[in-house]
Amino acid sequence: MATDAVVVKKRSAGRRLAGLFYGRPRLQIGSLLAAPMAWLVILYMGSLVVLLITAFWTVNPLSGSVIKEFSLVNFEELVNVPVYREIIWRTVRTAALVTVTDALIAFPIAFYMAKVAGRKTKAALVVAVLMPLWASYLVKVIAWRAMLAEHGVINWALAPLGLHGPEGGVTAVWLTMSYLWLPYMILPVFAGLERIPDSLISASEDLGAHPLTTFRRVILPLSFPAVVAGSIFTFSLTLGDYIAPKLVSNEQFIGTSIFDSITNNQPFAAAFALVPIVVVIAYLGVARKLGAFEHV
Amino acid sequence: MTAVAGIDLEIRAGEFFTMLGPSGSGKTTTLRMIAGFEDPTSGTIELAGVDVAGLPPYERAVNTVFQDYALFPHMTVADNVAYGLKVAKVDKAERARRRDEALAMVRLPGYGDRKPAELSGGQRQRVALARAIVNRPRVLLLDEPLGALDLKLREQMQTELKSIQGEVGITFVYVTHDQDEALTMSDRIAVFNDGRIEQVSTPEDLYEHPVNEFVADFVGVSNILERDGERFTVRPEKIEVLAPGATADGLVTERGRVAGIAYAGAVTRYTVTLDAGGSLQLVRQNVGEAPGAAPTAGAEVVVGWRPEHAARVSGATNKEEVAP
């Protein structure tokens with residue numbers, strides 16, 4: 001007698017439960033994502049909505065109490081008071097400068113890692129790039145503060161040349177931020193360059209293109225979206241930061257201004273906080289157009 | 001580590017030359033040396049009488065069709081094909097004319113505006129071919145270009161490649177590990193093994209007169225017998241199965257037993273173990289003979305072949321004959 005090909009047995013509760021999910025992808029995904037989605041929607045988006053509402057409230061200048069009535073006063077102030085316009089412009093400018101600086105420094109490093117270095121060197125470089133991220137952000141900023149100080153190492157090194165380091169200005173913030181966010185630019189560009197098959201570079205050379213032409217016509221266009229992906233990090237991190245500017249500079253930036261307004265005028269701080277959000281959303285729109293999201 | 005050693009090849013202008021061999025035999029390395037992606041540690045590579053060894057790929061009048069096609073994903077088909085002309089600063093009108101001509105030749109006119117991602121495997125293969133021949137290179141190198149295609153498409157492309165080669169008159173140097181492909185398309189074939197060349201000859205000569213066991217085995221099946229201290233090979237289709245006791249007029253005959261049968265549609269393959277030692281593979285056309293006429297498994301048979309069809313082979317490979 002032949003053995004049975006199919007045997008049906010009584011199923012345990014666990015198996016019955018598993019059976020309930022089998023073949024129902026929506027139910028599977030739904031039950032997996034329910035908790036994290038709740039977290040995201042209620043806590044994260046919820047607090048953003050509260051921020052948005054608060055931005056339209058005002059503060060009684062005498063008592064300092066919050067008046068919960070709709071008003072555009074905060075936004076009018078942001079637009080009309082020159083000092084705020086100057087702060088916003090200064091912050092966006094610095095963020096752009098940091099982004100360009102990091103892109104220029106990161107590209108050769110990432111290129112070397114992805115296309116030139118051997119397997120072991122590549123691994124060592126990835127670790128080297130990640131290493132600064134293991135150290136506390138505060139430690140690094142305070143280190144920069146010490147280096148940039150009046151009697152710090154930078155002034156000491158520049159003194160023989162008759163030069164003086166950037167102290168307390170935008171330049172100090174630019175230097176510190178460029179250092180802080182560099183790994184966030186290197187990693188996506190590295191990944192983007194790794195994705196370019198070597199055969200494309202060979203094909204370009206084979207078709208008569210000099211290495212520089214190959215770079216301009218093949219490598220750069222194919223890796224540009226990855227650079228934009230990295231710039232999302234460098235740009236938005238610079239735009240929103242307040243600790244580094246506070247510690248290395250006396251200049252006001254968006255982050256520091258929000259921080260300073262929180263104690264006295266929370267609605268105004270909320271309105272100001274919407275500025276980087278709007279700028280970043282606009283930036284993401286541009287980045288999306290440039291195909292950056294395929295590289296994040 | 002040596003990938004190729006002691007290679008001495010002369011490829012004639014306008015011929016379809018194939019480098020055939022198993023993976024790791026050095027055929028692709030040799031191709032990459034001709035293209036300029038790898039430099040030989042010693043020796044010369046002459047292209048139309050000029051030594052090009054040491055010249056970078058972009059200064060050689062050769063073009064390559066890559067195994068993975070290597071089409072630029074960010075460019076349209078038209079821009080891909082015109083790439084070589086553009087970097088060579090060919091003027092715009094001429095560029096467009098030659099590009100359209102090349103696309104027509106590979107039967108893809110009107111596909112210029114598409115991106116490579118929108119094409120099928122076979123179409124990408126054609127674009128890669130058009131992108132290479134549009135530059136009118138002296139030599140076109142093809143690195144297993146049909147490897148990624150399915151059988152039907154591959155056979156169709158074999159015929160097409162051959163006819164395009166006739167049309168443009170460019171020397172084709174073709175790398176493959178597929179012996180059927182090599183036999184079908186080539187004017188001459190070099191059989192590679194372990195970084196060396198075993199034999200360079202026409203497909204017919206290679207198949208009928210393999211110089212050693214490696215060639216006999218790689219181009220065909222390994223039918224090696226040793227009789228009276230002499231080793232030789234007989235091709236499966238040259239072997240007849242005779243009725244026991246039949247007169248074998250002018251044939252060399254041997255007695256044996258059918259050890260295996262494999263039905264393959266048009267033909268059936270038999271493995272026969274010979275009483276005198278060794279075994280042979282032979283094929284019979286399935287022409288529709290009466291039931292019982294075909295040999296069955298385990299049956300005693302007499303096999304025979306014409307003496308001129310036994311090709312003497314000297315040694316396993318010709319390694320010892322090559323100067324270090």
Inset, instruction - Identify all residues within region B:65-80 that are more than 29 Å from the chain's Cα centre (by Cα) and within 8 Å of another protein chain (Cβ to nearest Cβ); write none if there are none. - result: B:73, B:74
Legend entry - Entirely in region B:177-288, the strands (runs of 3 or more DSSP E) that have 1 or more residues that are of a type in the set (S, T, N, Q): B:188-193, B:196-201, B:230-234, B:252-264, B:267-274, B:279-285
Legend entry - Filter pass, residue B:145 being touching a strand residue (DSSP E or B) at 6+ places or on another chain (Cβ under 7 Å) and assigned to a loop (DSSP other than H, G, I, E, B): yes
Inset, instruction - Give just the number: which of (1) more than 30 Å from residue B:23 (Cβ to Cβ); (2) without any contact (Cβ under 8 Å) to a residue 60 or more places away in the chain does residue B:304 not satisfy? - result: (2)
Legend entry - Of residues in region B:22-37 being surrounded by 20 or more Cβ atoms within 10 Å (Cβ to Cβ) and assigned to a loop (DSSP other than H, G, I, E, B), the one nearest to the other protein chains (Cβ to nearest Cβ): B:36
Inset, instruction - Being surrounded by fewer than 22 Cβ atoms within 10 Å (Cβ to Cβ) and in a helix (DSSP H, G or I) is the filter; apply it to region A:233-255 and report the residue that is nearest to the other protein chains (Cβ to nearest Cβ). - result: A:233
Inset, instruction - Considering only residues that are in contact with a Ser or Thr (Cβ under 7 Å, 6 or more places away or on another chain) and closer than 14 Å to residue A:232 by Cβ, look in region A:174-197 and name the one that is farthest from the other protein chains (Cβ to nearest Cβ). - result: A:181
Legend entry - Filtered residues of region B:32-57 (kept if of a type in the set (Val, Ile, Thr) and free of Cβ contacts under 8 Å to residues at least 24 places away in the same chain): B:41, B:44, B:45, B:50, B:52
Legend entry - Residues within region B:38-80 that are over 29 Å from residue B:123 (Cα atoms), assigned to a strand (DSSP E or B) and not acidic (Asp, Glu), tallied: 2
Inset, instruction - Scan B:175, B:219, B:191, B:211 and give me the residue that is in contact (Cβ under 8 Å) with a residue 40 or more places away in the chain, buried (at least 19 other Cβ atoms within 10 Å of the Cβ) and more than 14 Å from the chain's Cα centre (by Cα). - result: B:211
Inset, instruction - Among what's in region B:81-105 and is free of Cβ contacts under 8 Å to residues at least 12 places away in the same chain, within 14 Å of another protein chain (Cβ to nearest Cβ) and not in a helix (DSSP H, G or I), pick the residue that is surrounded by the fewest Cβ atoms within 10 Å (Cβ to Cβ). - result: B:89
Legend entry - Filter pass, residue B:150 being without any contact (Cβ under 8 Å) to a residue 40 or more places away in the chain, over 21 Å from residue B:104 (Cα atoms) and out of contact with any Cys (no Cβ under 6 Å at 6 or more places or on another chain): yes
Inset, instruction - Determine which member of the set B:219, B:258, B:283 is in contact with a Gly (Cβ under 7 Å, 6 or more places away or on another chain) and not hydroxyl-bearing (Ser, Thr, Tyr). - result: B:258
Legend entry - Condition broken by residue B:128, with the remaining ones in (1) surrounded by 24 or more Cβ atoms within 10 Å (Cβ to Cβ); (2) touching a Pro at 6+ places or on another chain (Cβ under 8 Å); (3) closer than 19 Å to residue A:211 by Cβ satisfied: (3)
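Yes/no matrix, rows are residues, columns are (1) farther than 30 Å from residue A:269 by Cβ; (2) modelled with pLDDT under 90:
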position	(1), (2)
A:16	yes, yes
A:36	no, no
A:55	no, no
A:61	no, yes
A:74	no, no
A:84	no, no
A:87	no, no
A:103	yes, no
A:114	yes, no
Inset, instruction - Read through the list (1) of a type in the set (Val, Ile, Thr); (2) crowded, with 21+ Cβ neighbours inside 10 Å; (3) under 17 Å from the mean Cα position of the chain (by Cα), then give the number of the only condition that residue A:277 fails. - result: (2)
Inset, instruction - Scan (1) without any contact (Cβ under 8 Å) to a residue 40 or more places away in the chain; (2) surrounded by fewer than 13 Cβ atoms within 10 Å (Cβ to Cβ) for the single condition residue B:243 breaks and write down its number. - result: (1)
Legend entry - Output for region A:198-223, where each listed residue is within 22 Å of residue B:116 (Cβ to Cβ), more than 7 Å from chain B (Cβ to nearest Cβ) and surrounded by fewer than 18 Cβ atoms within 10 Å (Cβ to Cβ): A:198, A:215, A:216, A:220
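The values are calculated or read from the model by the stated rules, or taken from the named source; none is laboratory data. Note that this is a predicted model, so its numbers are computed, not measured. Glycine gets a Cβ as well: all are built from the backbone with ideal geometry, and neighbour counts include every protein chain shown.
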